[in-house]
Structure formats: C-alpha cells, structure tokens
Amino acid sequence: MNATRLDTLKQAFIKNFITVFLCVIINLVNGTFVYIYFRSQEFQRDPRYVLFIHLVLNDMVLLSLSVALQIITYTFRLTLAPCCVLILILLTTNKNSPVNLACMAVERYIAVCWPLHHPQLCTVGRTYCLIGLIWGVSFLPGLSNLVILLLNWPASGSWFSVVTCYTNRIFNTPQHQTSELFMEVFFLSVVCVTLAATYLKVLFAASAASASSRASARKARNTILLHGVQLLICMLTYVAPFVCVPLIRAMPHQLTVILFISFILVNILPRLLSPLIYGVRDQKFRTQLRLLFSCRSSGPGEGERLKPTADERVGPVEGNRGTATAGERGSSKKIKSR
C-alpha cells in the first residue's frame, strides 16, 4: 500500500473501514479457537494443538500489524526507527507461518510412522522449544536486511528521519534484493521438501497399515495435504507482484485499487484459513465449539445440563427412587416371609 497518498478522503475511509472490519471478524474467529484452547487442559497437553494455536496467534499478530501499518500510511509518516521495528516483526511473523506448517507435518509423520516414540519425541516442553527455534530462524531474514541497511546507511542519516513505512522503500538496495531472494528460495525449498517427504512417508504407511490404523494414517495424510494447500496460499505473496505489475501498467489510473485488492487477497483473507482448514476439521475442536455456542444460546447454566452429572452416571440414589424393579420387590417379599 505504498500509493495511499493518491486516494481521496472518501476512498481512504472506505478502504480502511473494509480492512479493519475484516481484521476484527477474522480475529474474532481466531480468538474463539484461542479461547477454547486455553480453557481446556487437554489441548494444552497435546503438542499438535500447541503448534496449531501458535499458528493462529501468529496469524493474529501478522494481520493486526498489517492493518495497523496500512492505517498508519494513510494518516501520517513514521520515523525510520519505529518503522524498522514494525517491519521486522511483520517479516518474522510472515516467515513463521510456512515453518510452523512444516513442523506440524513432521509431528503428524511421527505420530503415524513412529507411534511408540511419539510420546517421548513430541512433548509439550520440546514443542515450546521448537516454537522458540521457529522464531529464531524466521528472524534471520529481517536481521540480515537490517544489517545491510546499517552498512549502506549514510553517516549523516538519522534514525529519526521521516520515511514512508513500506518494506520495498526501506530495504531497497541491490544487496537487499539478493538477500531476500536467497532467503525466500531457502525457506520455501526446505518447507516444500519437508511437506512432500512427510506426505509420501505417511502415504506409504497408510498403504502398509492394518485396517484399524489405516483410518488414522489417511486422516494424517489429508492433514499434511491441507498444509500444502496453506503453503501454496502463503506463496501468493511471491505471485502477487507478477500479477500486479502488468495490471498497473495496463491500468495506471487504478493503481491504488489494484494494490488494495492485492492486499486483501494476499495479506488478510489467508489469515482465516488456519482455523477453517485445520480447526473446524478437528473433532475435539468441533465438539468444544458446539458446547460453547450451545451454552451461549441456551443461557447460563443450561449448557451444563446437557452433560450427565455424577449421580446420573452412577445411577439413581436409593432414597430418591419412586418405584422398585420386579427383582427388588421379589427380594423384599422373601425377607418378610423369613
């Protein structure tokens, strides 16, 4: 959104309203899964759900900062120092998504192909360490861009000079382009190879498994395949410039409209796919969603009545039974006759 100054006040208001509205709706959907996760100890003890909720939280941070940065570019210009901080966070969270998808695919591969070793290899503590590693690795591209900026920044330049806070405007040297190309190819290659290898391994395990475990392997295979779909959607970031540039050349008077539509399709709408593709498919999350909305719709206290109480599961208490069974009546007659 580097051409926002070309918009009129009405156009700027409409675009900001649409993006803020979509941001609120998507964050509410994602926040529902975060709420369900933190209110259940069962989810917090499963590495699979720990990685999933990290992906959801990462998408919420990425979406919120993207929309905030768009609003900032419409209202005022930042100085270089806070702009670099925002861009570094955006670049890191953007890299987190495909790396997190690869880690989730590896976890499913271990669960299917090495089920006996899965509890020892995939623990919650190791999962948190893996999340820290994901953030460290994803921070490297942004750090390299910052180092190149420092090396090329003129000595007379100030970190408090006013700039247009846009990635291509800040990191605009040939060294930045080379570094960005290398990092993107490296990250995408590693993630694609990981997804393809785990999918093929799970596919072979499903074909060789017994009938009882074949359904679990097939479900894991479909999950990894959906991770691949999510990765393809993440790659829209790299496809968008090749589509937008010819459109802008053909319709230069529609520059801001083309950039805005690209921003919606590439940066905002994909953040909704994680809960829809992964969360809604999960049986446990679907059950918790039904319980959550049934409690909200039926009023306080009524949702709990859907669950059997302890007395109902054990059976009726003796003092509260109104009628006796035939066997009980027969035994009582024998006692009286004696």
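The values are calculated or read from the model by the stated rules, or taken from the named source; none is laboratory data. As the structure is a prediction and not an experimental result, all values here were calculated from the model. Cβ atoms come from the backbone with ideal geometry, glycine included; neighbour counts cover every protein chain shown. Note: areas computed on protein heavy atoms with side chains; ligands, DNA, RNA excluded. Shrake-Rupley method; radii C 1.70, N 1.55, O 1.52, S 1.80 Å.
Is there any pair linking a residue in segment 103-125 that is closer than 23 Å to Trp135 by Cα to one that is of a type in the set (Asp, Glu) and surrounded by 18 or more Cβ atoms within 10 Å (Cβ to Cβ), with Cβ under 7 Å and at least six apart or on different chains, and which?
Once the first residue is closer than 23 Å to Trp135 by Cα and sits in segment 103-125, its partners that are of a type in the set (Asp, Glu) and surrounded by 18 or more Cβ atoms within 10 Å (Cβ to Cβ) give Cys122/Glu107.
Being within 18 Å of the chain's Cα centre (by Cα) and either exposed (fewer than 13 other Cβ atoms within 10 Å of the Cβ) or modelled with pLDDT under 95 (or both): is that true of Ser138 here?
In short, yes.
Would you confirm whether or not segment 246-267 contains a residue that is more than 18 Å from the chain's Cα centre (by Cα), among the β-branched types (Val, Ile, Thr), at pLDDT 80 or above and under 30 Å from Glu42 (Cα atoms)?
No, the conditions are met nowhere in segment 246-267.
Which of the helices (runs of 4 or more DSSP H) contained wholly in segment 9-94 include at least 2 residues that are surrounded by 18 or more Cβ atoms within 10 Å (Cβ to Cβ) and either in contact (Cβ under 8 Å) with a residue 60 or more places away in the chain or of a type outside the set (D, E, K, R) (or both)?
Correct list: 9-38, 47-75.
Mind checking whether some residue in segment 252-260 is open to solvent by 60 Å² or more (accessible area, probe 1.4 Å) and in contact with a helix residue (DSSP H, G or I) (Cβ under 6 Å, 6 or more places away or on another chain)?
No.
Considering only segment 15-55, how many residues are at pLDDT below 90, over 23 Å from Ser294 (Cβ atoms) and among the hydroxyl-bearing types (Ser, Thr, Tyr)?
0
Taking segment 224-251, which residues are surrounded by 13 or more Cβ atoms within 10 Å (Cβ to Cβ), of a type in the set (A, V, I, L, M, F, W, C) and either free of Cβ contacts under 8 Å to residues at least 40 places away in the same chain or over 30 Å from Arg48 (Cα atoms) (or both)?
Matches in segment 224-251: Leu225, Leu236, Ala240, Val243, Cys244, Leu247, Ile248.
Condition check ((1) in contact with a strand residue (DSSP E or B) (Cβ under 9 Å, 6 or more places away or on another chain); (2) closer than 21 Å to Leu231 by Cα) across all residues:
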{"residue": "Ile14", "(1), (2)": "no, no"}
{"residue": "Ile25", "(1), (2)": "no, no"}
{"residue": "Asn30", "(1), (2)": "no, yes"}
{"residue": "Phe38", "(1), (2)": "no, no"}
{"residue": "Met60", "(1), (2)": "no, yes"}
{"residue": "Leu86", "(1), (2)": "yes, no"}
{"residue": "Thr92", "(1), (2)": "no, yes"}
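Just the residues that are assigned to a helix (DSSP H, G or I) and touching a residue at least 60 places away in the same chain (Cβ under 8 Å), please, taken from segment 135-165.
Leu146, Leu149
Out of the residues in segment 170-192 meeting the condition of being more than 16 Å from Phe139 (Cβ to Cβ) and not in a helix (DSSP H, G or I), tell me which one is least open to solvent (accessible area, probe 1.4 Å).
Looking at residues that are more than 16 Å from Phe139 (Cβ to Cβ) and not in a helix (DSSP H, G or I), I get Thr173.
Would you mention how many residues in segment 111-134 are touching a helix residue (DSSP H, G or I) at 6+ places or on another chain (Cβ under 7 Å) and within 27 Å of Glu184 (Cβ to Cβ)?
Looking only at that region, the number is 4.
Looking only at segment 260-287, count every residue that is among the hydrophobic types (A, V, I, L, M, F, W, C) and assigned to a loop (DSSP other than H, G, I, E, B) and tell me the total.
1
Would you be able to tell me the number of residues in segment 70-98 that are among the aliphatic types (A, V, I, L, M) and modelled with pLDDT of 90 or more?
Matching residues across segment 70-98 total 7.
Checking the structure you have, find out if any residue of segment 138-161 is aromatic (Phe, Trp, Tyr) and touching a strand residue (DSSP E or B) at 6+ places or on another chain (Cβ under 6 Å).
For segment 138-161, residues aromatic (Phe, Trp, Tyr) and touching a strand residue (DSSP E or B) at 6+ places or on another chain (Cβ under 6 Å): present.
Ala205 passes all but one of (1) surrounded by 17 or more Cβ atoms within 10 Å (Cβ to Cβ); (2) under 24 Å from Gly136 (Cβ atoms); (3) at pLDDT below 80; which number fails?
(2)
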